[in-house]
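Reading through the structure tokens given below for one structure.
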Amino acid sequence: MNTEYDVIIVGGGIVGLATALKLTRMHPNKKILVLEKEKEVAAHQTSHNSGVIHSGIYYKPGSYKAKNCVAGRRELVQFAKDHKIQHDICGKIIVATHESELAHMNKVYNNGVANGVEDLEIIDAKRIKEIEPYCEGISGIWVGCTGIIDYGDVARKYAELIKACNNGSDVLTSQKVIGFEKEGEKTKVITESNQFISKYIISTAGLQADRVTKKEGTKTDAAIVGFRGDYYDLTEKGLKKVKNLIYPVPNPKFPFLGVHYTRMIKGGTECGPNAVFVFDREGYSKTAFSLKDTADAFGYTGTWKFFSKHWKFGLDEYRGAFSKAYFLKRLQKLIPSLEKDDIIPARCGIRAMALGPDGEMLDDFKIEKQGNALHVINSPSPAATASLAYGNEIALQATEYFKLK
Ligand SMILES: Cc1cc2nc3c(=O)[nH]c(=O)nc-3n(C[C@H](O)[C@H](O)[C@H](O)COP(=O)(O)OP(=O)(O)OC[C@H]3O[C@@H](n4cnc5c(N)ncnc54)[C@H](O)[C@@H]3O)c2cc1C
């Protein structure tokens with residue numbers, strides 16, 4: 001096994017793999033290694049998301065999210081076509097059910113126009129029913145360029161292409177990075193079973209981003225907290241009530257899109273996710289608990305400030321997590337005829353959200369650089385959609401910061 005590399009990337013989710021792929025394309029002479037702690041790549045957020053190819057409509061014009069989502073979506077769809085990855089540009093509707101939501105719905109539409117999102121249209125109640133016969137709304141937005149895909153498939157294809165470079169670049173799994181040691185201008189990267197040397201380090205560790213960053217020796221004042229998103233599946237009986245994707249108008253106070261209906265590319269339709277603060281960053285059950293994760297979360301002032309600002313939202317989400325009737329009520333906002341036996345509890349995903357010391361969630365992508373390292377601290381949704389554009393951005397920043405030739 002090779003042990004010396006030009007760049008080591010810690011974290012084999014979709015962002016780390018896209019970054020590695022872009023770096024190998026920009027610098028075919030450089031040896032890039034991705035180290036992933038799990039047995040397979042993409043084991044966490046990348047394979048536990050809604051599988052939506054987002055359009056770019058939601059994001060503040062000029063933000064990293066806006067720029068990278070629109071460009072990344074177009075590149076992703078082309079990539080999926082080129083590599084025969086199953087996907088479907090089926091479009092979606094965002095539906096207002098109350099007059100109080102119209103102002104924000106129009107803002108979302110205007111953001112979409114400003115961000116250059118194609119195939120957008122304001123639609124009335126009649127058109128909503130033509131598109132989704134069981135959905136009740138007073139007005140909505142048709143977003144024709146939204147699609148669905150399996151991001152695990154995409155990430156595995158990125159890994160395959162990195163390995164196929166044949167220049168010594170590689171992706172290794174079951175390699176949990178547990179330490180870094182400086183050796184002159186280089187860094188020794190220590191995993192549970194190996195040691196590797198690299199000139200430069202990039203980390204894209206998702207739910208562990210703050211820990212890997214600090215372990216490497218780079219300062220950050222942000223901390224990662226996890227928000228679990230529970231999903232229900234539509235049953236055989238419920239399936240006929242949703243054709244494709246139906247979203248509510250999001251609550252502008254939170255970076256979550258609200259519980260929605262999503263047809264999945266590999267079959268079935270999911271409803272969710274909610275957003276419940278978790279006590280175990282990688283614990284995929286409602287009662288999972290990690291002492292370390294809990295102690296870290298509550299030892300950080302930002303968490304307490306976040307709770308004091310958003311306790312009502314938090315309680316509401318907990319209620320939704322433990323009460324099917326309450327979850328159903330939220331879903332009935334968009335489809336009033338949805339019944340209890342139309343849904344059954346399904347899987348969940350956990351989002352990594354970076355909190356600042358002021359208790360505010362960081363809404364956009366965030367990168368920290370120090371010494372010979374660059375760390376991605378925050379890569380929230382739509383980072384899967386935007387992965388190729390975002391990977392390109394990280395690779396460009398790395399090229400400039402590390403002076404890669
Ligand atoms: C419920 C949910 C719904 C979402 N829906 C969508 C959607 O529909 N569309 C969309 O575009 N985005 C969506 N997202 C967001 C998207 O999934 C994430 O933004 C994206 O997957 C982030 O990718 P990542 O590579 O940064 O993180 P991850 O996929 O979490 O990858 C990080 C990797 O780092 C590894 N790692 C951590 N520590 C170490 C270590 N010490 N050593 C080695 N490896 C390590 C982890 O094992 C992991 O594989 C959703 C997310 C969630 C959770």
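Restricting attention to segment 30-44, does a residue exist that is touching a strand residue (DSSP E or B) at 6+ places or on another chain (Cβ under 9 Å), open to solvent by less than 70 Å² (accessible area, probe 1.4 Å), within 9 Å of the ligand (Cβ to nearest atom) and within 25 Å of residue 264 (Cα to Cα)? Scanning segment 30-44, I find at least one residue that is touching a strand residue (DSSP E or B) at 6+ places or on another chain (Cβ under 9 Å), open to solvent by less than 70 Å² (accessible area, probe 1.4 Å), within 9 Å of the ligand (Cβ to nearest atom) and within 25 Å of residue 264 (Cα to Cα), so the answer is yes.
Residues in segment 61-70 that are within 15 Å of residue 15 (Cβ to Cβ) and either open to solvent by less than 10 Å² (accessible area, probe 1.4 Å) or of a type in the set (Gly, Ala, Ser) (or both): 68, 69.
For segment 268-292, which positions are assigned to a loop (DSSP other than H, G, I, E, B) and crowded, with 22+ Cβ neighbours inside 10 Å?
Here is the first cut: in segment 268-292, the residues assigned to a loop (DSSP other than H, G, I, E, B) are 268, 273-275, 278, 280-288, 290.
Scanning segment 268-292 gives 273, 274, 275, 278, 281.
Filter segment 336-369 down to the residues that are out of contact with any Asp or Glu (no Cβ under 8 Å at 6 or more places or on another chain) and open to solvent by 70 Å² or more (accessible area, probe 1.4 Å), then identify the one that is nearest to residue 42 (Cα to Cα). Residue satisfying both the conditions and the ranking: 347. Residue selection: residue 94 satisfies the criterion of being farther than 26 Å from residue 225 by Cα and not in a loop (DSSP other than H, G, I, E, B). Among the residues that make up segment 191-200, is at least one of them surrounded by fewer than 21 Cβ atoms within 10 Å (Cβ to Cβ), aliphatic (A, V, I, L, M) and not in a loop (DSSP other than H, G, I, E, B)? Within segment 191-200, one or more residues are surrounded by fewer than 21 Cβ atoms within 10 Å (Cβ to Cβ), aliphatic (A, V, I, L, M) and not in a loop (DSSP other than H, G, I, E, B). Specify which of the listed residues (56, 51, 72) is within 12 Å of the ligand (Cβ to nearest atom) and farther than 19 Å from residue 250 by Cβ. Of the residues listed, the single one that is within 12 Å of the ligand (Cβ to nearest atom) and farther than 19 Å from residue 250 by Cβ is 72. Residues in segment 251-263 that are open to solvent by less than 40 Å² (accessible area, probe 1.4 Å) and assigned to a loop (DSSP other than H, G, I, E, B): 254, 256, 257, 258, 259.
Whenever a residue of segment 96-117 is closer than 20 Å to residue 334 by Cβ, its partners that are part of a helix (DSSP H, G or I) and open to solvent by less than 70 Å² (accessible area, probe 1.4 Å), lying with C-beta atoms within less than 6 angstrom and at least six residues away or across chains, give the pairs 96/102; 96/105. Of all residues in segment 195-219, those that are free of Cβ contacts under 8 Å to residues at least 40 places away in the same chain and more than 12 Å from the ligand (Cβ to nearest atom) total 0.
Take the conditions touching a strand residue (DSSP E or B) at 6+ places or on another chain (Cβ under 7 Å) and modelled with pLDDT of 90 or more and apply them to residue 318. Does it pass? The answer is no for residue 318.
The values are calculated or read from the model by the stated rules, or taken from the named source; none is laboratory data. Keep in mind it's a predicted model, so treat the numbers as computed, not measured. Because the Cβ atoms are built from the backbone with ideal geometry, glycine has one as well, and the counts that use them run over all protein chains shown. Ligands, DNA and RNA are stripped out before the accessible areas are found, and what is left, the full protein with its side chains, is counted by its heavy atoms. Shrake-Rupley method; radii C 1.70, N 1.55, O 1.52, S 1.80 Å.
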